[in-house]
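Notes follow the structure.
All of the numbers you see were taken from the coordinates with simple rules; none came from a lab. Computed from a prediction, not measured in an experiment: that's the story for all the values here. All Cβ positions, glycine included, derive from the backbone under ideal geometry; neighbour counts span all protein chains shown.
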Amino acid sequence: MNKKEFVKRRKQLMRMVGKEGIAILAASPMRQRNRDVEYPYRQTSDFLYLSGFSEPEAVLVLIPKRPAGEFLLFCRESDPEQEIWHGRRAGLAGAVAEYGADDAFPISDMDEILPGLMEGRKRVFYTMGQEEGFDRRVVEWVNQLRAKVRSGLQAPSEFIDLDYHLHDLRLFKSRSEVATMREAARISMRAHKRAMQVCRPGLMEYELEAEFLHEFRCAGAEPAYSSIVGGGENGCILHYTENNQKLNDGELVLIDAGAEHEGYASDVTRTFPVNGTFSPAQKEIYELVLASQEAAFLKCKPGNHWNDPHEAAVKVLTKGLVELGLLKGKPAALIKEAAYRQFYMHRTGHWLGMDVHDVGEYKVGDGWRLLEPGMAMTVEPGLYIMPARGVAKRYHNIGVRIEDDIVITRDGYDLLSRGIPKTVAEIEAEMAK
Ligand code: GLY
Ligand code: MN
Ligand code: MN
C-alpha cells in the first residue's frame, strides 16, 4: 500500500477523534501454539490499516493537533542479538523513516510516557475488551492522571469506542484497496482452477488443500482463513477444516479457500464433482444455487439494503426446493416460516476486506444498511442436503456453495473473483484439462 494512503487514513481518523481526543491502538500479541513454538504472527487489521506496521509489541497513538507530533509509535528497539535469533525489527529509527511516525519510543517506556500524552485530552478513543492486560493499563494511566487533577492537571473524562469510527472507514474501500483485493482474488482463481484440474477420485482432501497452499505461497500470499475442502457429506459441514478424508467417485467436493494478499482477503467457494462430471441430481442442486447467486447479484447496487441480496437468494432457493420436492408448501409461506433453513442455514454474504469477515455495521438504527459504492462483500448462497425424512435419497449429502467477491460501484457491482469456472459446462471443461 502506498505510504500516502496510510497518511490519508490517519488524517481521516484524526478528524473524527478531534483535538480534544487521543486514540490508542495496541498491536496483536504473539500467541503460543505449543511449547517454544508460536503461531505465525499476524498484526491486527486495524493496526495494519493505520500504519502498515507488522511487528508485535507495539502501540500506535494518534494525538490530533499535537504540536510536537500527531502520530507516535511505541515499538521494540533495534537489538542486534535479538534480531539474529528472531528476525529484523524496524526499531525507533525505522518507525519514523519507514512508517512515517512523527516520533517513536521504546515500548518498555510506555508506562512513563503515555499518561503524559493523555494529559489535557478529554476523550480517549480506545476499544476495550480485546486485550485484557492492555485494557487494565489504559485505565491505570487515566486513573494516574485523575489522581492528580487537584494539582491542576487535566485528565480524560470519557472513553469512546475507537472501533466505531475506524471500522466505518475500513468499510469503504479505496481504489488501491480494490486493486489489492482483486489481486487476492486472482491468486485464488489460479488455485481453484488448479484444484479442478488435479482432482480425481482417491485423492485425499488435504492433497487438494496442498494445491491451494502451493499456489498461494508461490504468489507470496497465504490463506486468508483455514481452507475448507469437504468431499461428499463433509461439504454439508459449513466450517469443516479437518480435510483428512478420501475424495470418492460420484461425490462432490466443496472448496472454500481464499488468498490473503498484502493484508487483504479473498473468500471464494467452488463446488465440483470429484470425477469431473456432475450427476443429474448434483446438477439440479448446483444450478439452483447458481440461479440464486445470480438473483442475489442483481440486488447488489447502491440504494438497495444489505439484506436485499439475501432475500433474493432465499426466494429463488425456496421456490426451487419446492420444485425439486425437497420442501412442500407455498414458497411465500415457507419463506415466512424460514423452512428453507433446513437446507440453507447461513446468510448470503458478509463484508470483505482486511478481515475475511470484515468490519462495518450491517444495520443502522432499526434498519439494514444501504449499499454504497466502495463496500466490498461476498455473495455466497448454498444448499446442504443432509439425509432426513422426506428428502429423496438421490439428493443425500449434496452440499453446494458458490461464493464470489464483489465491490459495489456507482451503478452496480464489480466482480473481483473473475474467471473462476462456475457454470456446469465451465467446471466440466476445466476438469477435463
Ligand atoms: N470462508 C468463510 C466464509 O465463507 O464466510
Ligand atoms: Mn464468506
Ligand atoms: Mn468462504
For segment 30-136, radius of gyration divided by Kirkwood radius, i.e. Rg to Rh on alpha-carbons: 0.97
Shape category assigned to segment 343-433 from the gyration tensor of Cα positions, a/c cut at 1.5: oblate
Cut-off 11 Å (backbone N to label point 7 Å along Cα→Cβ of M128), residues of segment 161-186: 161
Candidates R175, R190, R369, ranked by Gaussian network fluctuation over the chain, Cα under 10 Å, top entry: R175
Value of relative contact order over segment 293-433, rounded to a whole percent, pairs C-alpha under 8 Å and six or more apart: 24
Extension reserve of the R200-E287 stretch, reckoned as 0.36 nm per residue once the Cα distance is removed: 29.1 nm
Among the listed pairs K246/K433; K299/K422; K3/K193; K315/K363; K4/K301; K330/K363, those beyond 27 Å (Cα-Cα): K3/K193; K4/K301; K330/K363
Normalised alpha carbon radius of gyration of the chain [divisor 2.2 N^0.38 Å]: 1.13
Shape metrics for segment 105-152, restricted to C-alpha atoms - Rg then Dmax, Å: 11.3, 33
Rounded Å value of the spacing that divides the Cα centres of segment 268-300 and segment 389-433: 5
Distance (nanometres) between label positions extended 7 Å along Cα→Cβ at N244 and V7: 5.2
Rg to Rh quotient for segment 218-344, alpha carbon positions, Kirkwood Rh: 1.01
Cα centroid of segment 70-146 to Cα centroid of segment 352-367, whole Å: 28
Segment 1-157 - percent relative contact order, Cα under 8 Å, separation 6 or more: 21
Cα gyration tensor shape for segment 275-433, rounded if a/c is under 1.5, else prolate or oblate: oblate
Cβ-based net charge around Y384, under 12 Å, with every Lys or Arg adding one and every Asp or Glu removing one: +1
15 Å beta-carbon shell around H350, net charge (K/R +1, D/E -1): -4
Inverse mean reciprocal Cα-Cα distance (Kirkwood Rh) of segment 159-279, Å: 15.3
Candidates A68, A90, A339: whichever shows maximal mean-square fluctuation once the chain is modelled as a Gaussian network with Cα springs under 10 Å: A68
Hydrodynamic radius (Kirkwood) for segment 1-90, which is based on Cα pairs only, to one decimal in Å: 14.6
Selected from V139, V59, V274 as most flexible by GNM, with the chain as the system and alpha-carbon contacts under 10 Å: V139
Gained length - Y362 relative to A392, 0.36 nm times residue gap less alpha-carbon distance: 7.1 nm
Inter-label distance, nm, simple model (7 Å from Cα along the C-beta direction), S279/H346: 2.4
Stokes-Einstein D for segment 131-187, Kirkwood Rh over Cα pairs, 4 °C, 1.567 mPa s (µm²/s): 87
Peptides ranked, highest mean first, by Cβ atoms within 10 Å: ranges 232-241, 320-329, 45-54: 45-54, 232-241, 320-329
Extended-chain gain in nm, criterion 0.36 nm per residue less alpha-carbon gap, T409 and I335: 23.7 nm
